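Before any comments, here is the structure.
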Amino acid sequence: MVDKAGVAAAVEALRSIAYYLERDRQPTYRVRAYRQAADTIEGLPVVEVRARHRAATMTELAGIGPKTEAVIVEALEGKTPAYLTKLEKDAKDLTKGGATLRAALKADLHLHSDWSDGGSPIEEMARTAKRLGHDYMVLTDHSPRLTVANGLSRARRLEQLDVVAKLNAELEHELDGFRILNGIEVDILDDGSLDCDDDILARLDIVVASVHSKLRMASGPMTERMVRAVANPHVDILGHCTGRLVTGERGKRPESEFDAEIVFEACHQFGTAVEINSRPERLDPPRRLLSMAVETGCLFSIDTDAHAPGQLDWQVYGCERAEECGVTADRVINTWGAETLLQWAAV
(Lines give C-alpha, C1' and ligand atoms only; values in the text may rest on other atoms or scores of the structure.)
Protein backbone atom coordinates (compact mmCIF):
# COMPACT_ATOMS: atom_id res chain seq x y z
CA MET A 1 0.00 0.00 0.00
CA VAL A 2 1.29 3.44 -0.93
CA ASP A 3 2.05 5.49 2.18
CA LYS A 4 3.96 8.62 3.21
CA ALA A 5 7.25 6.71 3.40
CA GLY A 6 6.77 5.41 -0.13
CA VAL A 7 6.14 8.90 -1.48
CA ALA A 8 9.25 10.15 0.33
CA ALA A 9 11.25 7.30 -1.23
CA ALA A 10 9.99 8.26 -4.69
CA VAL A 11 10.96 11.91 -4.16
CA GLU A 12 14.40 10.90 -2.89
CA ALA A 13 14.95 8.56 -5.85
CA LEU A 14 14.04 11.27 -8.36
CA ARG A 15 16.35 13.78 -6.67
CA SER A 16 19.16 11.21 -6.50
CA ILE A 17 18.85 10.55 -10.22
CA ALA A 18 19.02 14.30 -10.87
CA TYR A 19 22.15 14.46 -8.68
CA TYR A 20 23.95 11.81 -10.73
CA LEU A 21 22.92 13.44 -14.01
CA GLU A 22 24.23 16.81 -12.79
CA ARG A 23 27.47 15.23 -11.61
CA ASP A 24 27.89 13.69 -15.06
CA ARG A 25 27.21 17.03 -16.81
CA GLN A 26 24.11 15.78 -18.60
CA PRO A 27 21.89 18.31 -20.43
CA THR A 28 19.88 20.59 -18.18
CA TYR A 29 16.54 19.48 -19.62
CA ARG A 30 17.18 15.89 -18.50
CA VAL A 31 18.05 16.96 -14.98
CA ARG A 32 15.08 19.30 -14.80
CA ALA A 33 12.67 16.50 -15.75
CA TYR A 34 13.54 14.50 -12.64
CA ARG A 35 13.60 17.51 -10.30
CA GLN A 36 10.23 18.70 -11.61
CA ALA A 37 8.75 15.25 -11.14
CA ALA A 38 10.08 15.19 -7.56
CA ASP A 39 8.50 18.58 -6.85
CA THR A 40 5.18 17.44 -8.33
CA ILE A 41 4.95 14.24 -6.30
CA GLU A 42 6.17 15.88 -3.11
CA GLY A 43 3.40 18.47 -3.35
CA LEU A 44 0.56 15.93 -3.62
CA PRO A 45 -1.50 14.42 -0.80
CA VAL A 46 -0.63 10.77 -0.21
CA VAL A 47 -4.19 9.77 -0.97
CA GLU A 48 -3.92 11.23 -4.48
CA VAL A 49 -0.58 9.53 -5.14
CA ARG A 50 -2.14 6.26 -4.01
CA ALA A 51 -5.12 6.73 -6.29
CA ARG A 52 -3.01 7.63 -9.31
CA HIS A 53 -0.70 4.70 -8.70
CA ARG A 54 -3.70 2.36 -8.59
CA ALA A 55 -5.21 3.88 -11.74
CA ALA A 56 -1.86 4.25 -13.56
CA THR A 57 -2.51 7.94 -14.24
CA MET A 58 0.77 9.49 -13.02
CA THR A 59 1.59 10.84 -16.47
CA GLU A 60 -1.54 12.98 -16.44
CA LEU A 61 0.28 15.21 -13.95
CA ALA A 62 2.30 18.13 -15.26
CA GLY A 63 6.00 17.35 -15.28
CA ILE A 64 5.71 13.57 -15.14
CA GLY A 65 6.46 11.46 -18.22
CA PRO A 66 6.88 7.72 -18.79
CA LYS A 67 10.49 7.60 -17.52
CA THR A 68 9.87 9.53 -14.32
CA GLU A 69 6.64 7.59 -13.80
CA ALA A 70 8.60 4.32 -13.92
CA VAL A 71 10.93 5.60 -11.20
CA ILE A 72 8.00 6.71 -9.03
CA VAL A 73 6.12 3.43 -9.39
CA GLU A 74 9.15 1.31 -8.52
CA ALA A 75 9.87 3.42 -5.44
CA LEU A 76 6.23 3.37 -4.31
CA GLU A 77 6.31 -0.43 -4.54
CA GLY A 78 9.34 -0.59 -2.24
CA LYS A 79 11.91 -1.23 -4.95
CA THR A 80 15.09 0.65 -5.77
CA PRO A 81 14.37 2.15 -9.22
CA ALA A 82 16.37 0.36 -11.92
CA TYR A 83 17.57 3.63 -13.45
CA LEU A 84 18.93 4.84 -10.13
CA THR A 85 20.72 1.53 -9.62
CA LYS A 86 22.32 1.88 -13.05
CA LEU A 87 23.48 5.44 -12.40
CA GLU A 88 24.97 4.48 -9.05
CA LYS A 89 26.77 1.53 -10.62
CA ASP A 90 28.10 3.57 -13.54
CA ALA A 91 29.31 6.49 -11.41
CA LYS A 92 33.10 6.71 -11.67
CA ASP A 93 35.80 8.82 -10.07
CA LEU A 94 35.76 12.16 -11.86
CA THR A 95 39.56 12.52 -11.88
CA LYS A 96 42.69 10.46 -11.47
CA GLY A 97 44.23 12.87 -8.97
CA GLY A 98 43.25 15.35 -6.30
CA ALA A 99 41.86 12.86 -3.80
CA THR A 100 44.33 13.74 -1.04
CA LEU A 101 43.58 17.46 -1.16
CA ARG A 102 39.87 16.84 -1.56
CA ALA A 103 39.88 14.76 1.62
CA ALA A 104 41.35 17.72 3.49
CA LEU A 105 38.57 20.13 2.50
CA LYS A 106 35.93 20.90 5.10
CA ALA A 107 33.69 23.13 3.00
CA ASP A 108 32.73 24.69 -0.30
CA LEU A 109 32.95 28.48 -0.16
CA HIS A 110 31.24 29.40 -3.45
CA LEU A 111 27.86 27.97 -4.42
CA HIS A 112 24.43 29.16 -5.51
CA SER A 113 20.83 28.32 -4.65
CA ASP A 114 17.50 28.96 -6.35
CA TRP A 115 17.48 32.38 -4.71
CA SER A 116 19.68 33.52 -7.61
CA ASP A 117 20.58 31.34 -10.61
CA GLY A 118 20.94 27.99 -8.88
CA GLY A 119 18.44 25.21 -9.48
CA SER A 120 17.77 23.94 -5.96
CA PRO A 121 16.74 25.24 -2.54
CA ILE A 122 19.34 26.16 0.09
CA GLU A 123 18.34 23.18 2.22
CA GLU A 124 18.96 20.68 -0.58
CA MET A 125 22.38 22.18 -1.27
CA ALA A 126 23.18 21.89 2.44
CA ARG A 127 22.05 18.28 2.69
CA THR A 128 24.14 17.34 -0.33
CA ALA A 129 27.21 19.17 0.98
CA LYS A 130 26.88 17.29 4.27
CA ARG A 131 26.47 13.98 2.44
CA LEU A 132 29.69 14.72 0.53
CA GLY A 133 31.56 15.08 3.81
CA HIS A 134 31.61 18.82 4.43
CA ASP A 135 31.27 20.40 7.87
CA TYR A 136 29.82 23.66 6.53
CA MET A 137 29.20 25.59 3.32
CA VAL A 138 29.09 29.22 2.30
CA LEU A 139 26.01 30.32 0.37
CA THR A 140 27.11 32.92 -2.19
CA ASP A 141 24.13 33.96 -4.28
CA HIS A 142 24.73 36.79 -6.75
CA SER A 143 24.60 40.53 -6.12
CA PRO A 144 21.84 42.69 -7.62
CA ARG A 145 23.45 44.00 -10.80
CA LEU A 146 23.70 40.52 -12.30
CA THR A 147 20.04 40.51 -13.25
CA VAL A 148 20.49 37.64 -15.70
CA ALA A 149 21.37 35.52 -12.64
CA ASN A 150 18.49 36.89 -10.54
CA GLY A 151 20.91 38.73 -8.26
CA LEU A 152 19.55 39.50 -4.80
CA SER A 153 18.30 43.00 -4.01
CA ARG A 154 19.08 44.52 -0.62
CA ALA A 155 15.69 43.41 0.69
CA ARG A 156 16.08 39.84 -0.55
CA ARG A 157 19.62 39.64 0.86
CA LEU A 158 18.37 40.66 4.30
CA GLU A 159 15.53 38.16 4.00
CA GLN A 160 18.01 35.42 3.10
CA LEU A 161 20.00 36.12 6.26
CA ASP A 162 16.90 35.34 8.31
CA VAL A 163 16.12 32.23 6.26
CA VAL A 164 19.65 30.87 6.75
CA ALA A 165 19.46 31.48 10.50
CA LYS A 166 16.19 29.56 10.65
CA LEU A 167 17.57 26.70 8.54
CA ASN A 168 20.65 26.40 10.71
CA ALA A 169 18.46 26.11 13.79
CA GLU A 170 16.23 23.50 12.14
CA LEU A 171 19.04 21.37 10.67
CA GLU A 172 21.66 21.59 13.42
CA HIS A 173 20.72 18.31 15.10
CA GLU A 174 19.70 16.42 11.96
CA LEU A 175 22.90 17.31 10.09
CA ASP A 176 25.12 16.86 13.15
CA GLY A 177 26.25 20.46 13.50
CA PHE A 178 26.60 21.26 9.80
CA ARG A 179 26.41 25.02 9.26
CA ILE A 180 25.37 27.30 6.43
CA LEU A 181 27.48 30.46 6.43
CA ASN A 182 26.22 33.65 4.82
CA GLY A 183 28.15 34.84 1.80
CA ILE A 184 27.85 36.56 -1.55
CA GLU A 185 29.39 36.47 -4.99
CA VAL A 186 29.56 40.20 -5.47
CA ASP A 187 30.17 41.80 -8.86
CA ILE A 188 33.34 43.83 -9.25
CA LEU A 189 32.08 46.97 -10.96
CA ASP A 190 33.95 48.75 -13.76
CA ASP A 191 35.89 50.96 -11.37
CA GLY A 192 36.69 48.17 -8.90
CA SER A 193 33.98 49.05 -6.40
CA LEU A 194 31.55 46.36 -5.29
CA ASP A 195 27.92 45.79 -6.21
CA CYS A 196 26.66 45.70 -2.62
CA ASP A 197 26.22 48.14 0.25
CA ASP A 198 29.03 48.15 2.81
CA ASP A 199 26.70 47.53 5.73
CA ILE A 200 25.42 44.35 4.05
CA LEU A 201 28.94 43.16 3.23
CA ALA A 202 29.90 43.69 6.86
CA ARG A 203 27.14 41.31 7.98
CA LEU A 204 28.23 38.50 5.67
CA ASP A 205 30.67 35.79 6.70
CA ILE A 206 32.51 35.41 3.38
CA VAL A 207 32.66 37.68 0.32
CA VAL A 208 33.68 36.31 -3.06
CA ALA A 209 34.32 39.12 -5.57
CA SER A 210 34.19 38.32 -9.29
CA VAL A 211 34.24 40.14 -12.61
CA HIS A 212 31.16 39.33 -14.70
CA SER A 213 30.97 42.29 -17.09
CA LYS A 214 33.26 44.05 -19.58
CA LEU A 215 35.54 41.01 -19.56
CA ARG A 216 37.43 42.38 -22.60
CA MET A 217 38.49 45.55 -20.80
CA ALA A 218 42.07 46.62 -21.59
CA SER A 219 44.75 45.12 -19.37
CA GLY A 220 45.66 48.32 -17.50
CA PRO A 221 42.15 49.30 -16.39
CA MET A 222 41.28 45.65 -15.68
CA THR A 223 44.34 45.31 -13.45
CA GLU A 224 43.39 48.46 -11.53
CA ARG A 225 39.80 47.27 -11.28
CA MET A 226 40.79 43.90 -9.81
CA VAL A 227 43.40 45.30 -7.43
CA ARG A 228 40.92 47.80 -6.00
CA ALA A 229 38.47 44.96 -5.33
CA VAL A 230 41.13 42.69 -3.84
CA ALA A 231 42.21 45.52 -1.51
CA ASN A 232 38.67 46.08 -0.26
CA PRO A 233 38.61 44.99 3.40
CA HIS A 234 35.30 43.18 2.88
CA VAL A 235 36.65 40.89 0.13
CA ASP A 236 37.90 37.45 1.17
CA ILE A 237 38.19 35.60 -2.15
CA LEU A 238 38.89 36.65 -5.74
CA GLY A 239 36.52 34.50 -7.83
CA HIS A 240 37.33 32.89 -11.24
CA CYS A 241 39.93 35.55 -12.01
CA THR A 242 40.27 35.24 -15.80
CA GLY A 243 36.58 34.70 -16.57
CA ARG A 244 37.47 32.20 -19.27
CA LEU A 245 35.23 29.43 -20.58
CA VAL A 246 36.96 26.41 -22.10
CA THR A 247 33.95 24.24 -22.95
CA GLY A 248 30.24 23.81 -22.28
CA GLU A 249 26.83 25.03 -23.38
CA ARG A 250 27.83 28.71 -23.26
CA GLY A 251 30.69 28.14 -25.71
CA LYS A 252 34.28 29.26 -25.27
CA ARG A 253 35.49 32.61 -23.98
CA PRO A 254 39.08 33.89 -23.82
CA GLU A 255 40.78 34.99 -20.63
CA SER A 256 40.44 38.56 -19.50
CA GLU A 257 43.69 40.48 -19.85
CA PHE A 258 45.36 41.84 -16.69
CA ASP A 259 48.77 41.95 -15.08
CA ALA A 260 48.60 38.74 -13.07
CA GLU A 261 51.81 39.47 -11.14
CA ILE A 262 50.32 42.69 -9.79
CA VAL A 263 46.92 41.16 -9.03
CA PHE A 264 48.37 38.13 -7.24
CA GLU A 265 50.80 40.29 -5.29
CA ALA A 266 47.82 42.36 -4.18
CA CYS A 267 46.03 39.17 -3.10
CA HIS A 268 49.12 38.20 -1.13
CA GLN A 269 49.54 41.61 0.49
CA PHE A 270 45.87 42.09 1.39
CA GLY A 271 45.24 38.49 2.47
CA THR A 272 42.67 37.76 -0.23
CA ALA A 273 42.49 34.14 -1.33
CA VAL A 274 42.66 33.24 -5.03
CA GLU A 275 39.81 30.96 -5.99
CA ILE A 276 40.56 27.73 -7.82
CA ASN A 277 37.24 27.40 -9.60
CA SER A 278 36.38 23.74 -10.17
CA ARG A 279 33.65 24.12 -12.78
CA PRO A 280 34.71 22.04 -15.82
CA GLU A 281 33.90 24.87 -18.22
CA ARG A 282 36.03 27.33 -16.25
CA LEU A 283 38.99 25.54 -14.59
CA ASP A 284 40.13 29.00 -13.60
CA PRO A 285 42.86 30.14 -13.17
CA PRO A 286 44.74 28.27 -15.90
CA ARG A 287 47.78 26.30 -14.76
CA ARG A 288 50.38 28.92 -15.67
CA LEU A 289 48.59 31.55 -13.55
CA LEU A 290 47.87 29.13 -10.75
CA SER A 291 51.58 28.31 -10.58
CA MET A 292 52.36 32.04 -10.50
CA ALA A 293 49.95 32.54 -7.60
CA VAL A 294 51.65 29.69 -5.74
CA GLU A 295 55.06 31.30 -6.25
CA THR A 296 53.67 34.66 -5.09
CA GLY A 297 52.64 33.13 -1.78
CA CYS A 298 48.87 33.44 -2.16
CA LEU A 299 46.25 31.63 -0.16
CA PHE A 300 43.63 29.66 -2.10
CA SER A 301 40.04 28.54 -1.96
CA ILE A 302 39.02 25.47 -3.96
CA ASP A 303 35.33 25.86 -4.81
CA THR A 304 32.75 24.37 -7.12
CA ASP A 305 30.72 27.48 -7.98
CA ALA A 306 27.92 24.90 -7.94
CA HIS A 307 24.49 25.83 -9.23
CA ALA A 308 22.98 22.41 -8.48
CA PRO A 309 23.52 19.63 -5.91
CA GLY A 310 25.31 17.24 -8.26
CA GLN A 311 27.84 19.93 -9.11
CA LEU A 312 29.04 20.01 -5.50
CA ASP A 313 30.99 16.85 -6.30
CA TRP A 314 33.08 18.73 -8.89
CA GLN A 315 35.46 20.04 -6.23
CA VAL A 316 37.95 17.30 -7.07
CA TYR A 317 38.55 18.90 -10.48
CA GLY A 318 40.02 21.92 -8.73
CA CYS A 319 41.88 19.73 -6.26
CA GLU A 320 43.57 17.80 -9.06
CA ARG A 321 44.78 20.99 -10.73
CA ALA A 322 45.85 22.45 -7.41
CA GLU A 323 48.00 19.41 -6.62
CA GLU A 324 49.55 19.51 -10.09
CA CYS A 325 50.56 23.13 -9.52
CA GLY A 326 52.02 22.66 -6.05
CA VAL A 327 49.17 23.99 -3.89
CA THR A 328 49.47 22.46 -0.43
CA ALA A 329 46.62 21.96 2.02
CA ASP A 330 48.00 24.48 4.51
CA ARG A 331 47.42 27.27 1.96
CA VAL A 332 43.82 26.34 1.19
CA ILE A 333 41.40 28.24 3.42
CA ASN A 334 38.58 25.70 3.14
CA THR A 335 40.70 23.08 4.84
CA TRP A 336 40.05 25.16 7.97
CA GLY A 337 37.15 24.67 10.33
CA ALA A 338 34.35 27.21 10.27
CA GLU A 339 35.51 29.12 13.34
CA THR A 340 39.06 29.46 12.04
CA LEU A 341 37.76 30.67 8.69
CA LEU A 342 35.47 33.21 10.35
CA GLN A 343 38.31 34.55 12.52
CA TRP A 344 40.52 34.92 9.44
CA ALA A 345 37.79 36.69 7.47
CA ALA A 346 37.12 39.10 10.31
CA VAL A 347 40.68 40.42 10.42
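The values are calculated or read from the model by the stated rules, or taken from the named source; none is laboratory data. Remember, predicted model here, so these are calculated numbers, not experimental data. When we count neighbours, we look across all protein chains shown, and the Cβ atoms used for this are built from the backbone with ideal geometry, even at glycine. Side chains included, ligands, DNA and RNA excluded: accessible areas come from the protein's heavy atoms. Shrake-Rupley method; radii C 1.70, N 1.55, O 1.52, S 1.80 Å.
When region 61-91 is examined, which residues are found to be closer than 15 Å to Ile17 by Cα, part of a loop (DSSP other than H, G, I, E, B) and among the charged types (D, E, K, R)? Residue satisfying the conditions is Lys79 alone. Screening Val316 with (1) outside any loop (DSSP other than H, G, I, E, B); (2) closer than 30 Å to Tyr20 by Cβ; (3) free of Cβ contacts under 8 Å to residues at least 24 places away in the same chain gives one miss only, at (3). I want to confirm something. Restricting to region 212-263 and keeping residues that are of a type in the set (Val, Ile, Thr) and over 14 Å from Pro286 (Cα atoms), which single residue is surrounded by the fewest Cβ atoms within 10 Å (Cβ to Cβ)? For region 212-263, the residue satisfying everything is Ile262.
Checked against the criteria, Ser291 does not count as of a type in the set (S, T, N, Q), touching a helix residue (DSSP H, G or I) at 6+ places or on another chain (Cβ under 8 Å) and modelled with pLDDT of 95 or more. Inside region 37-81, residues that are open to solvent by 60 Å² or more (accessible area, probe 1.4 Å), more than 13 Å from Val2 (Cα to Cα) and in contact (Cβ under 8 Å) with a residue 12 or more places away in the chain make up a count of 5.
Residue count for region 153-206, restricted to those that are within 30 Å of Gly220 (Cα to Cα) and assigned to a loop (DSSP other than H, G, I, E, B): 8.
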